[in-house]
Ligand SMILES: Cc1cc2nc3c(=O)[nH]c(=O)nc-3n(C[C@H](O)[C@H](O)[C@H](O)COP(=O)(O)O)c2cc1C
Ligand code: SF4
Ligand code: FES
């Protein structure tokens, strides 16, 4: 709903419709809005039937990779005699992304409900919600919601009087972007350093505490409830582009734009109209220069690419980037791309867990070189070196943090090479001249 | 973490050498006992236990780590290895008001660096990581706080404050006098 702004008429507010309404945070307020009816319905269904509905809806993971959720759930084999676990990934640390924060601080019961549905569907009795430690407000409201849900018997050893056990626990992280990577998250939850694990084994085989585990993003789990209530067809129809991308998607918009905030639109919405109509376009006197549509791990788009994009998993790929986490970062003509990219590289260098050489060394060296160029001390060969380092950082490590650092560097040099060259040739970046050029 | 040297934000407080008095007595012990029941293995209560230590003492000392280690049947070295992985556990006493400012790119292009300058000036700290002469404030830069649409977000201890600008810094700091 464009939160914190007024809802825009072209938005489709399903998950975000109660943002800004404090009453929706409470159990009573949530029930008044139809809360926990989906869980009641789910508990009366066979888990396999829930998985089928989610499969049919076309819902795909909202945490970044877009893996089909129903298929992920179907990897969990019922009746194997082992405890199963659900982990909700609420680590949200991808720069540009803050949608899960809004979901948790405005509709915490929606997530309790989503976790309970997900857990039941995969045969788990326990769901852990791993929330980044800096999210003090979401942590507070989630803890309140869990407490209320236990007290009302909605979750616990006899969930909604069905005799089924569903525990939901909030687990507070302690500052580490890498713990958003699913295997690092499980290590962290177990009380270890947050180093990603080598896959296979995949979490569905050996995950949390060595048991079959499913990890889902906050938005993914929250979407399950309306799908169960309104049906797979209803969800599938919310698509303007292609049948592989269905439903609504939350986008958190930030950077140099008139109305930053969290928006919800149906899959396939034209990105151009999104940026100029919903988000209000650039601030006065400026022009957009570049967009990073899915958090800093995805390729930077030129404005031509951005304006031609349809907002769905395939649409962004067609225009040189990815949907990612839905964290839209808008960059205007007053900014130096070199500065932006150097700071992104520093982010990854800081957050590398340091267990792979290519990542530990690559992120650090790329940062040093980029900062040297930024400060007017670069040489032309540096650009080739950066491309070389990036190549060595891609596809060779335990997790994709390393690849993620290379992505903005490679796309940035390819699409904005002249800015790098000007700085290297001693022409400092000048916003006004850049705007005219 | 990573291959870049990070600045050492240690304060010079002598509290680091005081003998450790146990954290986990009474209510805190009961709180930990309940937390342990949430997991099939005791070790999983490690991060929550460390959070309790930091809440009660303001930081996590070697003594605090040793106490947690004993309660969770781990070694102090193991606990230290975990503590050092995460940026939010303070391994030294910190200023009374510990200010964290996001300067990652999305905030950076919205003026986060000017917010840092304003904070350094108005807290009288002058330099990142260095406590103010009265020991009240310290300012550090941190990576994305997950509130990028509300640039620039800062945290003062556990309080999350959105939309900070160089201009509204004095009014915000006045609340922490
Ligand atoms: C370095 C790194 C950081 C990640 N951070 C997050 C995160 O903060 N939140 C999230 O939901 N997924 C994050 N992911 C993706 C998760 O590994 C995982 O794919 C996702 O949580 C699965 O949920 P989904 O299928 O519902 O999208 C991250 C991945 C990597 C490699
Ligand atoms: S790629 Fe980087 S963050 Fe990922 S496991 Fe290797 S060192 Fe750690
Ligand atoms: S980049 Fe500053 S909060 Fe995300």
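Readers should treat all values here as calculations from the given coordinates under stated rules, not as data from a laboratory. The structure presented is a predicted model; accordingly, all values stated were derived computationally and were not measured. Quick reminder, even Gly has a Cβ in these numbers, built from the backbone with ideal geometry, and neighbours come from all protein chains shown.
Every Cα-Cα pair in region B:7-85 was counted, and those over 22 Å apart are 21% of them.
The mean sequence distance of close C-alpha pairs (under 8 Å, at least 6 residues apart), as a share of the length of chain A, puts its relative contact order at 16 percent. In chain B, Cα pairs under 8 Å separated by at least six residues give a relative contact order of 19 percent. Cα-based radius of gyration for the protein assembly as shown, normalised by 2.2 N^0.38 Å, reads 0.94. Remark: A:304, A:148, A:40 ranked as A:304, A:40, A:148, counting other beta-carbon atoms within 10 Å and listing the fewest first.
Convex hull volume of the Cα atoms of region B:97-174, normalised per residue: 73 Å³. Footprinting exposure proxy ranking of B:120, A:370, fewest other C-beta atoms within 10 angstrom first, gives B:120, A:370.
Applying a 10 Å radius around every beta-carbon, put A:398-405, A:151-158 in order of their mean neighbour count, most first.
In descending order of packing, they fall as A:398-405, A:151-158.
What ranking of B:158, A:419 emerges when the number of other C-beta atoms within 10 Å of each C-beta is taken as an exposure proxy, fewest first?
The most exposed by this proxy come first: B:158, A:419.
Relative to the longest principal axis of the Cα atoms of chain A, helix A:337-351 runs at roughly 50 degrees. Mean partner shielding of peptide B:44-52, defined as the number of other chain Cβ atoms within 10 Å of each residue Cβ, is 5. Measuring between their Cα centroids, region A:1-80 and region A:287-356 lie 27 Å from each other.
Entry for region B:36-163 at q = 0.18 Å⁻¹: log10 I(q)/I(0) = -0.96, Debye formula applied to identical alpha-carbon scatterers, no solvent contribution.
Inter-chain neighbour count for B:97-106: the average number of beta-carbon atoms from partner chains within 10 Å of each residue's beta-carbon is 6. Within 10 Å of the Cβ of each residue in A:335-343, the mean number of Cβ atoms contributed by other protein chains is 3. Relative to the longest principal axis of the Cα atoms of chain A, the long axis of helix A:218-230 makes an angle of roughly 50 degrees. Peptide packing for B:43-52, B:145-154 was compared via the average number of neighbouring C-beta atoms within 10 Å per residue; ordered from the highest value, the list is B:145-154, B:43-52.
When the alpha carbon coordinates of region A:34-237 are projected onto the principal axes, the ranges are 40, 37, 36 Å, largest first. The alpha carbon centroids of region B:108-141 and region A:151-174 are separated by 43 Å.
Quick one: what do you get for region A:141-183 if you divide its Cα Rg by 2.2 N^0.38 Å?
1.50
Available extension along the chain between residue A:384 and residue A:396 is 2.4 nm, counting 0.36 nm per residue and deducting the alpha carbon span.
Which residues among region A:313-354 fall inside the zone where the amide N is under 19 Å from a point 7 Å beyond the Cα of residue B:141, along Cα→Cβ? Label zone hits: A:335-352. With R₀ set to 56 Å, the beta-carbon distance separating residue B:134 from residue A:233 gives a calculated FRET efficiency near 0.30.
Would you work out if region A:1-40 is rounded, prolate or oblate? Take a ≥ b ≥ c from the square roots of the eigenvalues of the alpha-carbon gyration tensor; rounded if a/c is under 1.5, else prolate when a/b is larger than b/c, oblate otherwise. Working shown, then result.
Values: a/c = 3.85, a/b = 1.75, b/c = 2.19.
Oblate, since a/c reaches 1.5 and b/c is not below a/b.
Using alpha carbons only, how many degrees (0 to 90, rounded to 10) separate the axis of helix B:62-71 from the longest principal axis of chain B? On a 0 to 90 degree scale, this one is about 40.
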